[in-house]
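The values are calculated or read from the model by the stated rules, or taken from the named source; none is laboratory data. Just so it is clear, the model here is predicted, and its values are computed rather than measured. Note: ideal-geometry Cβ built from the backbone for every residue, glycine included; neighbour counts use all protein chains shown. Heads up: the accessible areas ignore ligands, DNA and RNA and are worked out on the full protein's heavy atoms, side chains in. Shrake-Rupley method; radii C 1.70, N 1.55, O 1.52, S 1.80 Å.
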Amino acid sequence: MRRREFIGLVGSAAAAWPLASRAQHTNKAPKRIAYFPDLYPVLLEYWQAEMRVLGWIEGQDFIVLPSGIEFGSRNPSNEDAQRVVANKPDLIFTVSTNYALAAQRATGSIPIVMLTSGYPVEAGAVDSLAKPGRNVTGNTTYAETGVWGKILELLREAKPDIKRVGILWTYVIPVFPKEEIEPAQAELNSAARSLNLELHIVEAANSDQVQAALAEIDEWKPGGLLLTSFLSEKARSVVTQFAVDKGLPTIVDIVVWTRIAPPHPLLCYAPLYRELVQNATASVDKILRGSSPGDLPIQRPRRFELIVNLKTAKAIGLDLPPVLVARADRVID
């Protein structure tokens, strides 16, 4: 064979290698992936897009087994998980630790990938972040990130004379395991001592309890608020309007708070949701190609995004330090 023809043949084959490696699963029966719970529209859109990037086409390379359970509608039961497992999926995709634990109680062999979790080691889902060792892997948004201390630091930076921080805490039993709530609150209390801040944590298990929780917080007279996320859109709007009416700076730990009608929280410090989906689907891809979930490390967020809302600052009469605004990843004005 002449040299030029040989080089051309090798080059063509090399170019085809990545495509071949991605297409190698298309000649096999489609993988069966169970959603537990079913994915809401934004998450579903991200999931499908990232799976396509990895070479997985729904209906061709995998099929979805819906659970019929809407995220946030209720706490997952053992019976829910058993129904999911009875469909014999090749993999179960969950959105939180509680769903992962329910699925894990129903099966010790089917791989489970978590979109998010708080403290999966403490909750008993995995042996360690570096080597989960069981049938669960995925993301953690809090463990070993220092995020709770950073949130309090940012609130102090926004309002240097703040002394008291009220916390509307929606991560409560039974939707969130006690074993995840305790380390989160321990980190908050430790950071508060370092920053010489007083904290008052008020729990709200659902949106119906928000008004009473806000009344308790108001009676305590805080200088700022930390808001967690497990509330309806209407309830979140009630909370942010309360904060503006009281002239209180607010910080939240998840970007969903910025997707409500104004007013918005003053600050948001949260992982990028699309990157969490990318991490999770990368684990799904590896497992479907033969890796064991017990060998795939739990992933921490690649980065946290700081969002500063100057409209809210103006509404509460607060002049934010220019250095804080300059450091923001996004500024809403």
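Could you go through the range 157-171 and let me know if any residue there is farther than 26 Å from Ala243 by Cα and surrounded by fewer than 16 Cβ atoms within 10 Å (Cβ to Cβ). No, that holds for no residue. Residues in the range 294-333 that are touching a residue at least 40 places away in the same chain (Cβ under 8 Å) and assigned to a strand (DSSP E or B): Gln299, Phe304, Glu305, Leu306, Ile307, Val308, Asn309, Ile332. Scanning the range 230-263 for residues that are free of Cβ contacts under 8 Å to residues at least 60 places away in the same chain and not in a helix (DSSP H, G or I) gives Ser232, Val252, Ile254, Ile260, Ala261, Pro262, Pro263.
The number of residues in the range 132-157 that are under 25 Å from Val210 (Cα atoms) and of a type in the set (Gly, Ala, Ser) comes to 1. Each residue in the range 202-229 was checked for being open to solvent by 50 Å² or more (accessible area, probe 1.4 Å), more than 24 Å from Gly317 (Cα to Cα) and either of a type in the set (Asp, Glu) or not in a helix (DSSP H, G or I) (or both), and 3 of them qualify. Considered as a group, the residues in the range 235-263 that are within 20 Å of the chain's Cα centre (by Cα), open to solvent by 30 Å² or more (accessible area, probe 1.4 Å) and of a type in the set (A, V, I, L, M, F, W, C) include one that is nearest to Ala143 (Cα to Cα), and that residue is Ile254.
Scanning the range 139-151 turns up no residue that is over 17 Å from the mean Cα position of the chain (by Cα) and crowded, with 18+ Cβ neighbours inside 10 Å. Residue count for the range 169-201 under the criterion of being closer than 18 Å to Leu214 by Cα, part of a loop (DSSP other than H, G, I, E, B) and β-branched (Val, Ile, Thr): the result is 2.
In summary, Ser229 fulfils each of the numbered conditions (1) closer than 21 Å to Glu203 by Cβ; (2) at pLDDT 95 or above with the single exception of condition (2). Kindly indicate the residue of the range 264-293 that is assigned to a helix (DSSP H, G or I) and free of Cβ contacts under 8 Å to residues at least 40 places away in the same chain and also surrounded by the most Cβ atoms within 10 Å (Cβ to Cβ) among those meeting that condition. The qualifying residue surrounded by the most Cβ atoms within 10 Å (Cβ to Cβ) is Lys286.
Please note which strands (runs of 3 or more DSSP E) are completely contained in the range 33-133 and include at least 3 residues that are among the hydrophobic types (A, V, I, L, M, F, W, C) and under 19 Å from Ile298 (Cα atoms).
Per the criteria, 91-94, 112-114.
On the stretch given as the range 301-327, residues that are surrounded by 18 or more Cβ atoms within 10 Å (Cβ to Cβ) and touching a strand residue (DSSP E or B) at 6+ places or on another chain (Cβ under 8 Å) total 8. The condition (being open to solvent by 40 Å² or more (accessible area, probe 1.4 Å), touching a Leu at 6+ places or on another chain (Cβ under 8 Å) and farther than 20 Å from Pro76 by Cβ) is satisfied by just one residue among Asn196, Asn189: Asn189.
Only a single item in (1) in a strand (DSSP E or B); (2) over 26 Å from Val323 (Cα atoms) is not met by Gly166, and it is number (2). Counting residues in the range 82-99 that are closer than 27 Å to Gly146 by Cβ, surrounded by fewer than 17 Cβ atoms within 10 Å (Cβ to Cβ) and within 20 Å of the chain's Cα centre (by Cα) gives zero.
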